[in-house]
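K.L.:
Below is the structure I would like to discuss, written out as structure tokens.
Only the coordinates and a few stated rules stand behind these numbers; no lab work does. Just so you know, these numbers come straight off a predicted model, no measurement behind them. Every residue, glycine as well, gets a Cβ built from its backbone with ideal geometry; the counts of neighbours run over all protein chains shown.
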Amino acid sequence: MLSIKNLTASINGTPVLKGINLEIKAGEIHAIMGPNGSGKSTLGKVLAGHPSYEVTGGEVLFEGKNLFDLEPDARARAGIFMGFQHPIEVPGVSNASFLRLAYNKKAEAEGREELDPLEFDDFIHEKIKLVAMKEEFLDRSLNEGFSGGEKKRNEILQMAVLEPKLAILDELDSGLDIDALRVLGEAVNNLQQPDRALLIITHFPRILETIQPQFVHVLSGGRILKSAGKELALELEDRGYDWVLEEAAAGGAR
Amino acid sequence: MSTTFNVVTSQEYKYGFVTDIEADSVAPGLNEDVIRFISAKKGEPDWLLEFRLKAYRHWLTMTEPEWAKVDYPRPDFQKIVYYSAPKAKIPKYASMDEVDPELLRTFEKLGVPINEQATLAGVAVDVVFDSVSVTTTYKEKLATVGIIFCSFSEAVREHPELIKKYLGSVVPATDNFYAALNSAVFTDGSFVFIPKGVTCPMDLSTYFRINNKDSGQFERTLIVAEEGASVSYLEGCTAPQFDTNQLHAAVVELVALDHASIKYSTVQNWYAGDKNGVGGIFNFVTKRGLCKGKASHISWTQVETGSAITWKYPSCILLGDDSVGEFYSVALTNHKQQADTGTKMIHIGRNTKSTIISKGISAGDSSNSYRGLVKVMPKAEGARNFSQCDSMLIGQTCSASTFPYIEVQNRSAKVEHEATTSKIGEEQLFYFQQRGIPTEEAISMIINGFCKDVFRELPMEFAVEATKLLSLKLEGSVG
């Protein structure tokens, strides 16, 4: 589904990604872990097309097509979703109307029928149950005055509405209490299907207890230093990141 | 909703052409003889000529205001033609093919019907004037309940006692530089009179007013609502308006007696000049409402998107006890546009209330200022004001300023002022894009959200059009 080859990217001329290689197939769940400032979030943003980052080399194919040929909104409609670490607040724009516009844009692109406000109302009421969101949040301005946890809940609601092929979830666990994390983690699991894939970006392994990845990658200094199965997450929980860095230094960075 | 609007606007153009009006004009320049000529031409009574002359003599002693945050070449008042009798429009183009395609594209986006596009652009169209016009029909209907809605000139002829009583009672002839100039040389405008206890059965719009398309440069509007009367008045339209007169200095006066209510809505889209600011309209307007009676209510709603220079402060004098003044404004500037706009709320009566909601949007190299005065006089026991002034910046080279002036002379008064500045930035747009929403639609949605509190004060079809207009004005501003 997603094939990243030797990807390099920089921000304001400073290299942040220094040669990333990663293959994600349909049905897989991957976790990218690493210390703060390692470039984990950058990878997500580059894939989603954030304008601050410049791709300086390498190639990314999404379903066989060059991802960088697409504008960020076209990537989204093609099925790439990013759950933001810090979702932005937009005063005056109701959450429901934002969700409906996003839904209809994707429906339009896929040649499906768009939903009018009443149809969407029925649709969204089913979706909010998945993330245990209170109805009142639909009428409120997009993320305005939401707590950190409510914002994350809203991100997963958007994921449930858009049903992306590839969801990149950036630090989903930050700002969430244990119960909310479990609810959202389960919601994400429910959305996962054999034709979809997940890329979980996280600093703490805790979230991986609910959303269990088959592959765990440690990213540091703009490179993937180690890739293994989900047992790596447990090891990182016990031992932290330093040993991976030391091991990589001893073996010579790839 | 949009369809209703189109029907209304096409009606205007269907009936908006008048032929066979004798044409004559006076040489450029301004002196007492010119004013006497205007007054004589219009067959005005002596008291009105005196009103004009008094204004003119005072105007001579005044200097152009300098305090507004706008920069423009000072008009040469001796080069303006102050009287040119309405004459048949001479078409600028023989066919639509000659019209600037960019302009036609704009009309199309606004959903302006094709024959209206033609008239707006100045293309010759065969229009048959129908004597049983929509205007006449409505006028007759309104007349049955005693409502007067006519051109200012007609009002001077038909209802001199009302004009004499109310003209200059809110904006005195000597009020300010441009109001004084207008008082001296105004040529036409609108007059509305709603008698005691009558609720006007429809929104009154300049669309329905005949023979008045060219009165633009020094327009005079007077609206009087007697005890318990109420009216909603709409001015302007969303389609771009062109005019050969660069300077516009209108005066609008509203008078509300006991328990009367006047709602005045404007959508202004005068030509703003090209991207370098060349050729736009200078709009220097004095708009003021007097809440003369007890529990009277005046509400201004404006959507200002056009003009090269906008200098405009629709205000309320809250004289009657328990009277209410409101000001809802969206001012959008782009490219080289400059707007200095806001309001004045003067609390004189007891328990008077005012609300100010101002939304300024600046893009391009434009400058957008809110300037507002809230003044509570010593006897305004229990006066209350709430002001909210929000600015939104788009891009790096525009500017937004807020100049709130608050003068409180009564201890029991409560005045609140809130202000915010936000920016449509990369992060916000990226968020929308990441959800599959293209940039232009994202901007439109964000701007709409920002202006919601003002748009909901507009009549429904106006609000829909205003929304489209703002998006169109901002096209290409970001990203």
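K.L.:
For helix A:242-251, what angle does its Cα long axis make with the longest principal axis of chain A, in degrees from 0 to 90 and rounded to 10?
P.N.:
Roughly 50 degrees between the two axes.
K.L.:
What does the average come to when, for each residue of peptide A:90-98, you count the partner chain Cβ atoms lying within 10 Å of its Cβ?
P.N.:
On the way: counts 10, 8, 12, 10, 3, 0, 0, 3, 7.
Taking the mean over all residues of the peptide, I get 6.
K.L.:
Hey, which of these cross-link pairs are over 24 Å Cα-Cα: B:K292/B:K312; A:K152/B:K473; B:K336/B:K468? Present the calculation step by step, with values, prior to reporting the outcome.
P.N.:
Values: B:K292/B:K312 22 Å; A:K152/B:K473 34 Å; B:K336/B:K468 21 Å.
Too far apart for the 24 Å limit: A:K152/B:K473.
K.L.:
Under a crude label model (7 Å from the Cα following the beta-carbon direction), how far is A:I88 from A:K129 in nanometres?
P.N.:
Spacing of the two 7 Å Cα→Cβ label points: 3.4 nm.
K.L.:
Let me ask something additional. Averaged over peptide A:50-56, how many Cβ atoms belonging to another chain are found within 10 Å of each residue's Cβ? It would help to have the intermediate numbers written out before the result.
P.N.:
Details: counts 5, 6, 3, 0, 0, 0, 0.
Mean partner shielding for this stretch: 2.
K.L.:
Rounded if a/c is under 1.5, else prolate if a/b beats b/c, else oblate: with a ≥ b ≥ c from the C-alpha gyration tensor eigenvalues square-rooted, which is chain A? Write out the running numbers ahead of the final one.
P.N.:
Working: a/c = 1.90, a/b = 1.48, b/c = 1.28.
Here chain A falls in the prolate category.
K.L.:
Something else now. Take peptide A:9-20, look around each residue's Cβ out to 10 angstrom, count Cβ atoms belonging to other protein chains, and average those counts. Please report the intermediate quantities before stating the final value.
P.N.:
Values: counts 0, 0, 0, 0, 0, 0, 0, 0, 0, 0, 0, 0.
Across the residues of A:9-20, the mean count of other-chain Cβ atoms within 10 Å is 0.
K.L.:
I want to check the label-to-label distance for B:M62 and B:E140. Put each point 7 Å from Cα in the C-beta direction and report it in nm to one decimal.
P.N.:
Once both label points are built, they end up 4.3 nm from each other.
K.L.:
What does the C-alpha gyration tensor say about the overall shape of the range A:53-155? Classify as rounded when a/c is under 1.5, otherwise prolate if a/b is larger than b/c, or oblate. Intermediate values should be presented prior to the final figure.
P.N.:
Numbers: a/c = 2.40, a/b = 1.48, b/c = 1.62.
Judged from the Cα gyration tensor, the range A:53-155 comes out oblate (a/c at least 1.5, b/c at or above a/b).
K.L.:
If Lys and Arg each add +1 and Asp and Glu each add -1, what is the summed charge of the other residues whose beta carbon sits under 15 Å from the beta carbon of B:G382? If you can, show how the numbers build up before the last one.
P.N.:
Details: positive: B:K294, B:R350, B:K353, B:K379, B:R384, B:R411, B:K414; negative: B:D321, B:D322, B:E381, B:E416.
After counting each charged neighbour, the total is +3.
K.L.:
Order B:249-258, A:108-117 from most to least packed using the mean count of other Cβ atoms within 10 Å. Provide the component values of the computation, followed by the final result.
P.N.:
Working: B:249-258: 25.1, A:108-117: 11.3.
Taking the mean over residues of other Cβ atoms within 10 Å, the ranking is B:249-258, A:108-117.
K.L.:
Using a cut-off of 13 Å between alpha-carbon atoms, which aspartates and glutamates can reach B:K375, once sequence neighbours fewer than 8 places away in the same chain are excluded?
P.N.:
B:E407, B:E416
K.L.:
Which ³J(HN,Hα) values, rounded to whole Hz and listed in residue order, are derived for the range B:311-320 from phi using the Karplus coefficients 6.51, -1.76 and 1.60 in 6.51 cos²θ - 1.76 cosθ + 1.60 with θ = phi - 60°, glycine and proline given as x?
P.N.:
Working through the residues one at a time gives 9, 7, 9, x, 10, 10, 9, 9, 7, x Hz.
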